[in-house]
Every structure is written in C-alpha cells, then in structure tokens.
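The numbers here are math on the coordinates, done by the rules we state, and not lab data. The shown structure was predicted, so the numbers you read here are calculated from the model rather than taken from an experiment. Reconstructed Cβ throughout: ideal geometry from the backbone, glycine too, with neighbour counts over all protein chains shown.
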Amino acid sequence: MNIRAQLTFRYIIIVLLVLFAMYLYLGTALKGFLSHRITEDLEAHAVLTREILIEKLPPKDNFTYDAIDPLIDRLGKISDARVTFIGVDGTVWGDTERDGAALRAMDNHLTRPEVQDARQLGSGIRDRYSDTTQTEFRYYAMPIYQRTLPAEESELIGIFRVALPMETVNTAIGTLRQIVLFASVAGLMLAIVFSIFSTGVIIKPIEKLTQMTQSLAAGRIDSRVPVDSKNELGRLSRNFNLMADRVQEQIDQISEEHRRLDTILRNMGEGVLLVNGAFEITYANPTAISMLSLPETHIGKALIEINRIPELQELLQIAEQTETVAFAEIRLGNIAEPEAEVTVVPVAAGEEYVIVIHDVTKERQLERIRVDFVANVSHELRTPLTTIRGYAETLLNEDATRTKAQEQFVVKILNHASRLSRLVSDLLELSRLESGDVELKRTQCHLNSFYAPLLDVFEPILEESELVLRWDIPESLPQVRIDQQLFMQVLVNLIDNAIKYTPDGGEITVSAETCRRETAEESAVNSAEIVLHVRDTGIGIPMESQSRVFERFYRVDKGRAREMGGTGLGLAIAKHIVLRHNGRIWLESTLGRGCTFHVAVPL
Ligand code: ADP
C-alpha cells in the first residue's frame with residue numbers, strides 16, 4: 001500500500017471513529033435528556049391533573065363509570081396524555097383509551113407495579129409495555145386522598161395515573177441515527193476528498209525527491225528537485241539539493257584528480273601495475289604494458305598467467321606475507337638485458353598491491369661504460385707511468401753529473417709517479433670489483449693465517465712510528481670461506497689507514513668473534529657470522545663524515561690524506577670486497593680518540 005492510500009485509509013478510519021463516538025455520545029445523551037423531560041412532564045401533568053381531579057371527583061361511594069370516565073377523558077385531552085383512574089380495589093373507573101364496555105372489561109389494575117409503588121411509597125414511575133394500547137409507556141402514578149379535615153385522617157380513594165408514550169424518545173433517537181448516518185456519509189466523502197488533496201501536498205514533493213534520487217543513482221548528477229514551500233518538505237528538498245551539489249562538487253574534484261592521475265600514470269617512465277589480493281591485474285599503465293608485453297585483454301587476468309616472471313610473483317608473496325613494501329632487482333623477460341627495480345606496495349591491508357617497475361637497463365649500461373672507461377684509462381696510464389718511473393730511477397741512480405736541484409726534481413718526479421701508479425692500480429682494482437668481473441676464489445681459512453703476511457708488510461713502518469699492533473683473534477674461532485687474496489686487501493687497507501691516522505706511540509688492535517646475524521631473511525638457516533674489528537687510538541672520524549668515508553675519493557681532511565700518500569679509494573675497495581662476500585662493513589668513532597672498523601662475513 002503506498003503512502004497516499006495509507007493516509008487516505010487513516011483519514012477515513014479517524015472520521016468514522018469520530019462519527020461513531022459522536023453517535024454513541026449523542027444517542028445516550030439525548031435518550032437521557034428526553035427521558036428526563038418526559039419524567040418532568042409527567043410529574044407536572046400528574047400534579048396539575050390530580051388537583052383538578054380531587055376537586056371534581058364524587059365521594060368514594062358514589063363512583064360510577066359514567067361519572068368518572070368522561071372526567072378522565074377531559075383531563076386526558078387537556079394534558080395530552082393517557083390518564084387512568086383506579087379505585088382502591090383496583091377497578092379502572094376511567095381511562096382515556098377505553099370507553100363503555102371496553103372500560104368495564106379492563107382487568108384489575110391493583111397489581112400494576114407503579115400502582116403498588118404509589119400506594120406504598122407515595123408515587124410510582126415505570127416504563128412498561130401497555131397491553132391495553134400495545135405501546136411502550138412511561139407511567140406515573142400517585143395516590144388520591146379524600147379532602148377531609150384534619151388532613152391526617154384523609155382516606156385513600158384511588159390511584160391516579162398519567163402516562164406518556166416512549167415513542168417520542170425512540171423517534172428522536174431514530175432521527176438522530178439518520179442524521180448521524182447522513183453525517184457519516186458526508187464526512188466520509190469529505191475525508192476522501194480532503195485526504196486526496198492533503199496527501200497530494202505531502203506526496204508530490206516526496207515523489208519528486210524519489211525521482212531525483214533515482215536519477216542521481218542513475219548517474220544524472222545535475223538533477224535537482226524544485227523547492228516550492230518553506231515547510232519541512234521544502235527544507236528537505238533544499239537539503240537534498242545541497243547534498244546533490246556537494247556530491248557533484250566531490251565528483252568533479254575526484255574526476256579532476258582522476259584525470260590528473262591518469263595523465264601522470266600514462267606519461268611516466270615507470271611501469272605501474274595494480275593487482276588485487278589474488279594477484280590479478282586491475283590496472284596497468286602503458287609503460288607497464290610495454291615492459292611486460294601485456295596483451296590487450298590483461299585486466300582481470302592473473303599476473304603469473306600472462307607474464308611468467310617467478311621473481312615478480314615471489315616479490316608479491318613477500319609483500320603479502322610481511323605486509324610491507326618489498327623491493328628487488330628483477331630481470332624482465334622481453335628486453336635483451338632487461339633489468340628493473342621493482343617495488344611492491346601493499347594497499348588496503350593486502351587487498352591490493354601497487355607494483356612500480358623502474359627499468360634500469362640504461363643506467364646499468366652507462367655505469368658499465370663508466371667503469372670500462374676508468375678501467376681502460378687506468379690500464380693505458382700504467383705503461384707510460386712505468387716508463388716514467390723507470391727513467392726517473394735510472395736518472396737518480398746513474399747520472400752523477402746532475403746538480404742538487406736536478407736531483408730534487410728527479411726525486412719529485414719519482415714520488416709523484418709512484419703515487420700516480422698507486423692511484424691507477426687502485427682505480428683498476430675498483431673497476432674490476434665494480435664490473436663484477438672478479439671471480440671469488442673462496443677457500444676455507446682461519447683469520448689468524450693473515451697475521452704473518454700482514455706483519456711482513458707493516459713491521460718496518462710499525463717500528464718506525466712506534467706503533468703497537470695487537471693481534472687478538474682466538475684460535476677457537478671457526479674458519480670462514482673467503483677469497484684470501486681479496487680479504488688480505490681489506491685487512492691491508494684497514495690496517496694501513498689505522499697506521500696512517502694514528503699518531504706515533506698509539507695502538508692498533510685486530511680482534512674477531514662469532515655473532516648471530518641480525519638480518520631477518522636468513523635467520524632460519526645459517527644465521528651466524530664472523531665479525532672482525534680493527535681498532536685504533538688515532539684521530540677518529542667526525543660524525544658527519546662517518547657515512548661517507550666508503551665513497552670513492554672521499555677524504556675527511558684532503559691535504560692530510562694526500563700527505564699520507566692515500567688515494568681515497570682504500571675504503572671503497574674494502575667495501576666492494578666485503579659486499580662481494582655478502583658481508584657488511586661499518587665503523588664507530590669518537591673524534592680524537594680513534595675509530596673501530598667492523599667487517600662481518602657470513603659463516
Ligand atoms: P685514503 O687513501 O685517503 O686513506 P680511504 O678510502 O682509505 O682513503 O679512507 C678515506 C678517508 O677516511 C681517509 O682520507 C681518512 O680521512 C678517513 N679514514 C680512514 N681510515 C681512518 C682511520 N683509521 N682514522 C681516521 N680517519 C680515517
């Protein structure tokens with residue numbers, strides 16, 4: 001049932017209830033009122049007619065029908081009611097409804113309840129059906145006494161009765177019923193007309209609102225509802241329009257942002273993919289499509305089905321398990337030397353993942369060109385440098401005719417040529433390590449095996465600078481699988497630095513221990529590592545430089561380092577060697593009190 005029908009139905013019910021209540025109330029009220037009026041009328045009639053009757057009645061013993069009945073008939077006419085006179089023995093002497101033989105044939109009225117009441121109580125009133133007239137009457141009976149003095153001795157001579165038909169009441173109620181019925185029909189009609197009109201006032205705006213919301217839902221966002229009143233419905237309509245305005249604004253804003261985002265995604269150099277929790281593609285920008293050679297119908301397809309790159313799938317699984325950003329360098333399948341940095345970012349609690357693919361092929365090529373170039377230049381510089389050094393040494397050793405100044409020049413040439421050749425060989429070493437061409441020749445060895453060769457290298461300089469080298473590696477330390485030659489290079493570079501940057505009389509300590517590996521990935525299997533410490537009591541490295549000393553050519557104090565004969569490549573080389581061993585290198589230092597370099601290699 002729609003609202004209009006419901007409201008109309010309710011109006012009709014209300015009108016009917018009101019009319020029914022009115023009918024009930026008016027019915028009882030009118031009946032009571034009329035009944036009261038009749039009783040009053042009867043009493044008035046009775047009192048009046050009794051006075052007349054007492055005057056006119058013959059003495060008790062002279063009662064005859066002929067004397068009394070005409071008198072009663074007259075009184076009945078005057079009072080317009082049925083009047084009856086009953087003797088003390090119950091004989092009806094006169095009655096307005098009966099005459100002659102019929103009167104004489106009337107039964108004894110002594111048993112009538114109103115007559116009994118009148119005799120015993122002084123008056124009697126009853127509603128009764130009259131056998132005589134076949135109608136319902138209200139009877140009022142009073143005793144009549146003979147007028148003698150003194151009054152107490154007056155004798156009862158008969159009962160006087162006045163009656164009015166109840167028909168008046170019933171007719172009045174009948175009329176009322178008709179009026180109410182008529183009013184009900186009229187009220188019903190009015191209720192229907194009124195409800196149709198008034199519900200229309202309410203329903204129309206609601207219907208308009210419904211239409212508007214339907215068109216909003218259908219995407220016609222510019223639909224509005226007319227506001228033609230200031231009441232609640234008008235306010236509701238206005239609020240609906242305001243809401244639609246806000247929705248439109250938001251949609252415009254979102255569309256604008258979407259357009260902007262789309263332009264960015266379409267034109268960016270990185271491939272961007274969106275996959276859902278089941279790793280099915282929900283979006284791919286043009287770069288991603290070309291990078292992964294996705295077919296046109298890639299949306300909704302599982303990534304692994306379209307492009308079989310297990311590493312990508314593994315990366316997605318890592319992101320799913322760890323619920324954090326996962327990153328890896330992956331070789332993609334469609335370019336000759338395709339290398340890409342892939343980042344997987346989980347969005348909305350693992351329900352969606354953003355995959356960003358950055359093709360680093362070009363960068364890698366440039367890097368390789370740079371490394372090759374440095375290697376080539378270094379290589380090319382080696383031969384002329386050797387020649388220069390050779391000739392300088394010959395000049396220094398053989399030519400006895402030179403002046404003191406000439407000798408100084410030759411010594412300078414020799415020193416600089418030596419420095420240059422150290423730089424060139426360090427550069428060559430670094431390029432070899434960076435290019436990845438160096439094959440690690442791993443062998444099982446104990447760190448103590450490095451002690452003797454290191455001592456061979458550093459003993460003279462240690463003695464010269466009065467420095468103490470404390471070698472504190474326990475024999476019980478497990479062996480490690482490393483490239484001994486390269487690892488020797490690491491130790492040489494670290495100890496060389498320690499000697500260079502520790503004032504005379506200082507101490508250098510080399511120690512080592514086994515530790516548990518801190519990184520999460522390999523914790524399951526071989527998580528132990530050996531950590532080597534090279535500690536000195538030298539000048540230390542300021543905080544701001546600590547993170548940079550492993551960069552090539554970075555020096556804390558350029559003049560001093562050069563003076564020390566450093567190339568600025570020692571730590572960069574050490575770092576590369578350690579990384580090739582899947583290890584880590586870091587340092588701790590307090591300025592002016594020395595520093596400790598730590599090298600960790602997995603066992
Ligand atoms: P260099 O050949 O100049 O020593 P490195 O790469 O070995 O180059 O070291 C880089 C810089 O780090 C050095 O120039 C020096 O300033 C600083 N450094 C390295 N080791 C130490 C150390 N043990 N004590 C103080 N400073 C150091």
Requested in this report: Towards the positive end of the charge dipole of the stretch 547-603, with charges on Cβ (+1 Lys, Arg; -1 Asp, Glu), say which of 595, 574, 559 has the farthest Cα.
Outcome: 559
Query raised in the report: Where nothing but the Cβ of Lys and Arg (+1) and of Asp and Glu (-1) is charged, how large is the charge dipole of the stretch 363-435 around its Cα centre, in debye to the nearest 20?
Result: 140 debye
Requested in this report: Please arrange 379, 533, 45 by counting, for each residue, the other beta carbons lying within 10 Å of its beta carbon, fewest first.
Outcome: 379, 533, 45
**Report entry** Global form of the stretch 544-603, assessed from the alpha-carbon gyration tensor, a/c cut-off 1.5
**Finding:** oblate
Query raised in the report: In degrees between 0 and 90, to the nearest 10, how far off the longest principal axis of the chain does helix 451-464 point, with axes built from Cα atoms?
Result: 70 degrees
Requested in this report: Sort 140, 65 so the one with the fewest other Cβ atoms within 10 Å of its own Cβ comes first.
Outcome: 65, 140
Query - Degrees between helix 570-580 axis and first principal axis of the chain (Cα, 0 to 90, nearest 10) - result: 60 degrees
Requested in this report: Go ahead and estimate [θ] at 222 nm for the chain from helices alone: -39,500 (n - 2.57) per DSSP H run with n ≥ 4, summed, over the residue count, rounded to 500.
Outcome: -18000 deg cm²/dmol
Requested in this report: For the chain, just the Cα atoms, rotate onto the principal axes and tell me the three extents in Å, largest first.
Outcome: 205, 55, 45
Report task. Note down the magnitude of the dipole of the stretch 84-213 about its Cα centre, charges +1 on Lys and Arg C-beta and -1 on Asp and Glu C-beta and zero elsewhere, to the nearest 20 debye. Result -> 800 debye
Query raised in the report: Can you give the relative contact order of the chain as a percent, counting alpha carbon pairs under 8 Å and 6+ residues apart?
Result: 7 percent
Query raised in the report: Using θ = phi - 60° and the Karplus curve 6.51 cos²θ - 1.76 cosθ + 1.60, what whole-Hz ³J(HN,Hα) does each residue of the stretch 384-393 get, with Gly and Pro shown as x?
Result: x, 5, 4, 4, 4, 4, x, 5, 4, 5
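Quick one: plug the Kirkwood hydrodynamic radius of the stretch 38-107 (C-alpha pairs) into Stokes-Einstein at 4 °C, 1.567 mPa s, and report D in µm²/s.
105 µm²/s
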Requested in this report: Compute the longest continuous run of the chain that contains no exposed trypsin sites (Lys or Arg not before Pro); treat a site as exposed when its DSSP state is not H, G, I, E or B and it has at most 10 other Cβ atoms within 10 Å.
Outcome: 1-219
Report summary line: Dipole check, the chain, charges on Cβ (K,R +1; D,E -1), about Cα centroid: among 376, 17, 108 the Cα furthest to the positive pole belongs to 108
Query raised in the report: Quick one: helix 3-56 against the long Cα principal axis of the chain, what's the angle to the nearest 10°, folded into 0 to 90?
Result: 20 degrees
Query raised in the report: For the chain, what is the charge dipole size about the Cα centre, in debye to the nearest 20, if Lys and Arg each add +1 at the Cβ and Asp and Glu each add -1 at the Cβ?
Result: 1380 debye
Query raised in the report: If you plug each phi of the stretch 202-213 into the Karplus form 6.51 cos²θ - 1.76 cosθ + 1.60 with θ = phi - 60°, what whole-Hz ³J(HN,Hα) values come out, in order, with x for Gly and Pro?
Result: 7, 5, 3, x, 5, 4, 5, 4, 4, 4, 5, 5
Report summary line: The answer for GluC sites (Glu not before Pro) in the stretch 447-487 that fall in a DSSP coil and have at most 12 neighbouring Cβ atoms within 10 Å is 466, 475
Query raised in the report: In percent, what relative contact order does the stretch 1-146 have, based on Cα pairs under 8 Å that are 6 or more apart in sequence?
Result: 16 percent
Query raised in the report: Which Cα, out of 448, 421, 458, lies furthest along the positive dipole direction of the stretch 369-482 (beta carbon charges, K/R +1, D/E -1)?
Result: 421
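How high is the relative contact order of the stretch 441-509, given as a whole-number percent (alpha carbon pairs under 8 Å, six or more residues apart)?
Dividing the mean separation by the residue count of the stretch 441-509 yields 50 percent.
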Report summary line: Here the Cα Rg-to-2.2 N^0.38 Å ratio for the stretch 147-229 is 2.99
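Please compute the length gained on full extension between residue 30 and residue 507, using 0.36 nm multiplied by the number of residues separating them and subtracting their Cα-Cα distance.
Stretched out fully, the residue 30 to residue 507 stretch lengthens by 158.8 nm.
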Query - Per-residue ³J(HN,Hα) for the stretch 276-291, Karplus 6.51 cos²θ - 1.76 cosθ + 1.60, θ = phi - 60°, Hz, x for Gly and Pro - result: 8, x, 8, 6, 9, 5, 10, 7, 8, 7, x, 4, 5, 4, 6, 4
Query raised in the report: Based only on the alpha carbon positions, what is the Kirkwood hydrodynamic radius of the stretch 268-359, in angstrom?
Result: 12.8 Å
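Per residue Cα convex hull volume for the stretch 3-173, in cubic angstrom?
With only Cα atoms used, the stretch 3-173 gives 133 Å³ per residue.
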